[in-house]
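Colleague: I'd like to ask some things about the structure below.
The values are calculated or read from the model by the stated rules, or taken from the named source; none is laboratory data. Predicted, not measured: the structure shown is a model, and the values here were computed from it. Using ideal geometry, Cβ is built from the backbone for each residue, glycine included, and neighbour counts are taken over all protein chains shown. Quick note on the areas: whole protein, heavy atoms, side chains included, nothing else; ligands and nucleic acids left out. Shrake-Rupley method; radii C 1.70, N 1.55, O 1.52, S 1.80 Å.
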Amino acid sequence: MAYLILIVEDDSYIAKYIQSCLSIGGYRSETCSDGQTAVEKIQTGRYDLVLLDIMLPKLDGFEVMERIKGGETPVIFLTALQDVSSKVRGLKSGVDDYIVKPFEALELLARVDLVMKRYHKTETQHHYGKIQIDIEKHTVQNDGVEVSLTPKEFDVFIFFVQHQNIVITRERLLSAIWDDYFTGETRTVDTHVQQVRKKLNLQGQLITVPKYGYKLLGQGE
C-alpha cells in the first residue's frame, strides 16, 4: 500500500501542484488548509509524512509543531520563508527537512524519499512475484535461488519495487540512489537498471519508457 502524506497548504493551487508531484512518485495524499485542522489530523496517526506550510490560518506551522511535539509522524516544512532565522527556527522545532518555495517536483520527491527511507526501516521484507527481498540482510532470492547484486543494484531494485507502475526518470534515480555529490552521467543509471533486469530475469517487467526512463510493472500486469 502506498504511503499517505498530509499536505497542509492554504493556497489551493499550490496544494494541487504538490499532490500532482506526489502522485508521480506513487504517493497518496490528502490536504487541509489551516493549522488547527492539521493538528487534529496529524494526531490521528494516519499519515506517514506531513508537508507543512508555515504561514497558515488559525495556527502557523511553528505552532503546529509545538502542538504535535513528541509525535512519531515526520514533518517537512514547505514554505516561502527563506530567511536564515526562519530556517533555523524551523529545524529546531523538530522538522525533518526545510524546503523553500518555489521548488521542482524532482527535488520534492527526492527529499520525501529520503525521509521515508529514514523512518520506515522496520519494513525489511519485500516480495515481487517469486523474488524475495530482505533489506536487513541485503539479500535477494529469485524462486529460492540467491542472486548476487551490487549494493547500488540492490538499492535500484528496491526503489522500483517500492514504486511499481510509476515511470521513474533517470534523474530521479540518481537523486534517490546516488548522493548529491555524484558527478557521473545518467548512463550509470542505465547500466545498473540493465544489470538488475538481466540478473533477476525481469525483461518483461522492468521496461524502458522511451524519452522518460523506466517502469517496473505491478505484479499481475
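Colleague: Give me the percent relative contact order of the range 80-203, please, defined on Cα pairs under 8 angstrom at least 6 residues apart.
Modeller: Values: 92 pairs, mean separation 22.1, N = 124.
Answer for the range 80-203 is 18 percent.
Colleague: Tell me, what is a quarter of the convex hull surface for the C-alpha atoms of the range 14-162, in nm² with one decimal? If you can, show how the numbers build up before the last one.
Modeller: On the way: hull surface 40.2 nm².
One quarter of the hull surface, i.e. the mean projection, equals 10.0 nm².
Colleague: Heavy-atom accessible area per residue, the range 80-221, 1.4 Å probe: how many Å²?
Modeller: On the way: 8270 Å² over 142 residues.
Solvent-accessible surface per residue comes out at 58 Å².
Colleague: Non-local amide H neighbours of Ile7 (under 5 Å, H modeled in plane, Pro and chain starts lacking H): which ones?
Modeller: Glu30, Thr31, Cys32, Leu51
Colleague: Straight-line reach from Lys69: which lysines have a Cα under 29 Å away, not including same-chain ones fewer than 8 places off?
Modeller: Lys16, Lys41, Lys58, Lys87, Lys92, Lys101, Lys117, Lys121
Colleague: Hey, another quick one. With a 1.4 Å probe and all protein chains left in place, how much of the accessible area of the chain comes from carbon and sulfur atoms, in whole percent?
Modeller: Working: 5850 of 11910 Å².
With neighbouring chains kept in place, the figure for the chain is 49 percent.
Colleague: Restricting attention to the range 76-140, which chymotrypsin sites (Phe, Trp or Tyr not before Pro) occupy a DSSP loop and are surrounded by at most 15 other Cβ atoms within 10 Å?
Modeller: Working: sites: Phe77, Tyr98, Phe103, Tyr119, Tyr128; in loops: Phe103.
Answer by residue number: Phe103.
Colleague: Once phi is turned into ³J(HN,Hα) by the Karplus curve 6.51 cos²θ - 1.76 cosθ + 1.60 with θ = phi - 60°, what whole-Hz value does each residue of the range 8-17 show in order, with x for glycine and proline?
Modeller: Per residue, the Karplus-derived 3J(HN,Hα) values read 10, 8, 8, 8, 4, 5, 5, 4, 5, 5 Hz.
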